[in-house]
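Heads up: the structure comes next, in structure tokens.
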Amino acid sequence: MGCTAEDLAAALRSAAVVVREHRDELVELDRAIGDGDHGENLRRGFDAIVTALDAATPPTPGAVLKLAATTLISKVGGAAGPLYGTALLRASTAVGDAAEIGPAEAVAALEAALGGVVARGKAEPGDKTMVDALTPAVAAATAVDGSLAEVLAAAARAADAGAESTVPLVARKGRASYLGERSAGHLDPGARSTALLLASLAATAAGR
Amino acid sequence: MLAVKKIINDPSAVVAESLRGLGLAHADLLEVVDEPAVVVRVDAPVAGKVAVISGGGSGHEPMHGGLVGPGMLDAACPGAVFTSPTPDQVQLAVQRTDGGAGALLIVKNYTGDVLNFETAAELAAAEGTRVESIVIDDDVAVKDSLFTAGRRGVGGTVPLEKIVGAAADRGEDLDGCLAIARRVVANVRSMGLALGAPTVPHVGTPSFELADDEMEVGIGIHGEPGRARMPVENAEGVVARLLTPILEDLPFTEGDRVLLFTNSMGATPLLELYLAHGIAERLLAERGIVVERRLVGPFVTSLEMQGMSLTLLKLDDELRDLWDAPVRTAALRWGC
């Protein structure tokens, strides 16, 4: 069974709880190699998404994604706002007017999200950014022939491994790149938040 | 959340509460709009004049809100602390200040700032306002742009905003303002260092750890660590360490005329800042570089970071005259 607009809204609310739980961890990761605002920015953004979902009932999963996207773009600032916002906006376009998101739509949405992040941030794999989590997640999701929950579980596992792979990397994009060699040895906060969000979505899908 | 020793209430309300005070303190110059937050010149829009708009994360005060007023910025868009503003703030700033001659956005080169201002420029253009952007990247501490997000925009932002504001004031059109802005960006260079880290209100702990005998060289303005950590030096050593890479980068050479901007990062007192400024003047004179204009003080701060930056702008007659033109803002005020 697919994921309806209502299911997706609930999944985003759960993701907001996860973001809150990991806010301090993301702040600390960002403080090490950036400016320490990532955890707080995401918290602000996902709390704003919850507020937006309280005020409106988008009819389709695509409309839910679009509402979340425009909220992130208009409320967050920093790099996370436009990057996650663009990711969700592209995902929204990819699922179109579909009444439910199944495994095929989820793969299309993840591919579109990655395309959006790359187009906006111009980062490539290995630059020590969220792209390092999202790229393997898309590849893993594409390779799965199974249910929505299985697709998302594969994406989440790959994203987690991808995020961990950023530890030895020297940052070439974003504020961490100013550190040069000193950015090595740290987990990238954007890659970590991408892995956390996909894990949250996978957990919600598995629990339904 | 950790308690943090600052004169604040709720860490998430710091920017909004500070803006409220700014608006009350300078009601003759500016109006503070709430939700989304924008600081607007009180007499905006000025008919027929190019609107000059800037913005960025908060925590750099008086930049940018304290630079709003006749002869400088028409509007400033303050983001959360050290976080770029959102496109809706910039869009509102354009709407409130567009006097029919278009708007020039002054953007410091950071990933988030560029992304958000880019989005805003697209939205404003879709509404029919002509909008151009100038990205400033004057920090010589950051190397090769292929392997980083590019050089940061730091101290050079103040002379850029002053000079572009004066150009718009004297009636330059959008293309003219943009051309002058590009000339400033091409001729300005900066470098900073820190003796102690700032504490972001919603983080609660210092942005980086420095031992008592260490300094962080090549620092940015967001508490991000610099490129190198080394033992603290005396003022002669510190000023030379900042000035040399600036001079070599452009390069500045004998006979050049410059604006020298000696900036406090927030906690370094004027006593030390003037001391450092004096050394910088002497070092420049020794190289035959003529300091024609000066600015000394805390203008591009990083909360309470202890440290300083130096900025050099190569001047010609036109840039000097635009620098000298009347300005009336909370932080810079002369000639009127």
**Complete:** Lys pairs in the protein assembly as shown with Cα under 24 Å (8 or more apart in sequence, or on separate chains) total 20
**Asked** Where does the longest stretch of chain B lie that holds no GluC sites (Glu not before Pro) found in a DSSP loop with 12 or fewer other Cβ atoms within 10 Å?
**Response** B:1-126
**Complete:** Expected sort for B:VAL52, A:VAL95, B:VAL4 with the fewest Cβ neighbours (10 Å cutoff) up front is B:VAL4, A:VAL95, B:VAL52
**Prompt:** Against the longest principal axis of chain A, how steep is helix A:103-121, in degrees 0 to 90 to the nearest 10, with axes from Cα atoms?
**Reply:** 40
**Item:** Nonlocal amide H pairs with B:GLY100, under 5 Å, H built at 1.01 Å
**Value:** B:GLY48
**Asked** Using modelled backbone amide H atoms (1.01 Å from N, in-plane), which distant-in-sequence or interchain residues come within less than 5 Å of A:ILE101's amide H?
**Response** A:CYS3, A:THR4
**Fill in**
Rounded to one decimal in nm, the spacing of the 7 Å Cα→Cβ label points at B:ASP316 and B:ALA179 is 1.0
**Message:** At R0 = 22 Å, how high is the FRET efficiency between B:GLU292 and B:LEU270 if r is their beta carbon distance? Nearest 0.05 is fine.
**Reply:** 0.50
**Prompt:** So what's the convex hull volume per residue for the Cα atoms of the range B:15-186, in Å³?
**Reply:** 97
**Complete:** Here the whole-number average of other chain Cβ atoms within 10 Å per Cβ of B:219-231 is 4
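Bear in mind these aren't lab numbers, they're just calculated from the coordinates by the rules spelled out. The shown structure was predicted, so the numbers you read here are calculated from the model rather than taken from an experiment. Glycine also receives a Cβ, built like all others from the backbone with ideal geometry; neighbour counts cover every protein chain displayed.
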